[in-house]
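Structure first, then comments.
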């Protein structure tokens, strides 16, 4: 989706808001939102790509106005409703619907440490022939899917060189839509800054992106 | 709750003075309401939430990354492993897991500077650096780091000479990047813990280069 989240290369965004000695959370509710996201994901009703896509669906003006954790809150509420873990009227009242069965949380305090230390690897042990080799020139496809994608607009149609093959990884474009993991090769591709931004840029500089095989075509 | 508000008196403890009590924001109230709903339905365990917040406030932060960097500076074999199989080398020091499952460490040299960004969201190597700072997640940084990294770095106080190559790593997949900063001059006789103490979070994002004194 050509959404507002795809910010790379935009200008007029103002100075970088650097803050010295910044706390981990500025308000305690931010920590709760972060933790609620982690804890509810243990129900495995959605995946990381679906939750990213949900944040991308926040309307552009709202997206720009909201703080980071506010976006996480709004997207979490939408995911909870969409997956029927809660109803819209429960969100509005703040109380469980009468007669609702009380469930047992999958994530208990003793499981938090192991969960964080284990993570959720996105590579898949799948034998598959790589279409591109390291050093090969490639072009990022000029594609504009309306769903979730991790190919930023600023790289589309641009040429680069395959710098590394990371292996076979879950494909976010399908996974975000609950259409399966459809794993495929993931490459690090080097794009010269001048290819992306024109000849006024430093000729030495480069941007590296991690791109799935289907985002790329041979040159 | 009583409907009559006690009149604050001179010398009254301000913590109990309703006029001076901090009013929770709408957001704080909405989050509190959501949490209590999810607890009531048995969807989350409140003490698990406490444990998650506690982990990122006190345990999982940039001191972890600094230990990896310091080890690489004092142990050439470790550094080789770190640059060729980053995830395993980092796991040797006990740092693994969420948003660090697939690590790539990139090395700064006198002729090369690396900078990490996530233009599409705010991906960040959590096990090594903890949660990202607001500036890293800001629209300005996400927008500008790829098109004008030198300008962004200048704004952050780092003016790079034209003859240094700048590589920007846009974290568009599940690979997370850590910059291995150059060991600062004048630290030749420092111990590994002393070295770790001088490594800043920003230097491991590539937003800074380390100097001593």
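Things to note:
- Identity of the residue in region B:30-44, more than 17 Å from residue A:75 (Cα to Cα) and part of a helix (DSSP H, G or I), that ends up nearest to the other protein chains (Cβ to nearest Cβ): B:40
- All helices (runs of 4 or more DSSP H) inside region A:1-90 with 1 or more residues being under 25 Å from residue B:146 (Cα atoms) and at the interface with chain B (Cβ under 10 Å from one of its Cβ atoms): A:48-56, A:60-65, A:68-82
- Residue match in region B:54-64 (condition: closer than 21 Å to residue A:208 by Cα, within 11 Å of chain A (Cβ to nearest Cβ) and surrounded by fewer than 19 Cβ atoms within 10 Å (Cβ to Cβ)): no
- Selection from region A:120-157 of residues that are buried (at least 18 other Cβ atoms within 10 Å of the Cβ), within 14 Å of chain B (Cβ to nearest Cβ) and over 19 Å from residue A:49 (Cα atoms): A:140, A:154, A:155
- Of the helices (runs of 4 or more DSSP H) lying entirely inside region B:101-172, those containing at least 2 residues that are more than 7 Å from chain A (Cβ to nearest Cβ) and at pLDDT 95 or above span B:126-129, B:149-155.
- Filter pass, residue B:130 being touching a residue at least 60 places away in the same chain (Cβ under 8 Å) and under 23 Å from residue A:16 (Cα atoms): yes
- Any hit, region A:80-87, residues being surrounded by 15 or more Cβ atoms within 10 Å (Cβ to Cβ) and closer than 24 Å to residue A:27 by Cα: yes
- Residues within region B:65-91 that are within 14 Å of chain A (Cβ to nearest Cβ) and within 20 Å of residue B:194 (Cα to Cα), tallied: 1
- Some residue of region B:186-193 being surrounded by fewer than 21 Cβ atoms within 10 Å (Cβ to Cβ) and in contact with a strand residue (DSSP E or B) (Cβ under 9 Å, 6 or more places away or on another chain): no
The values are calculated or read from the model by the stated rules, or taken from the named source; none is laboratory data. Here the structure is a predicted model, which means the values were calculated and not measured. Cβ atoms come from the backbone with ideal geometry, glycine included; neighbour counts cover every protein chain shown.
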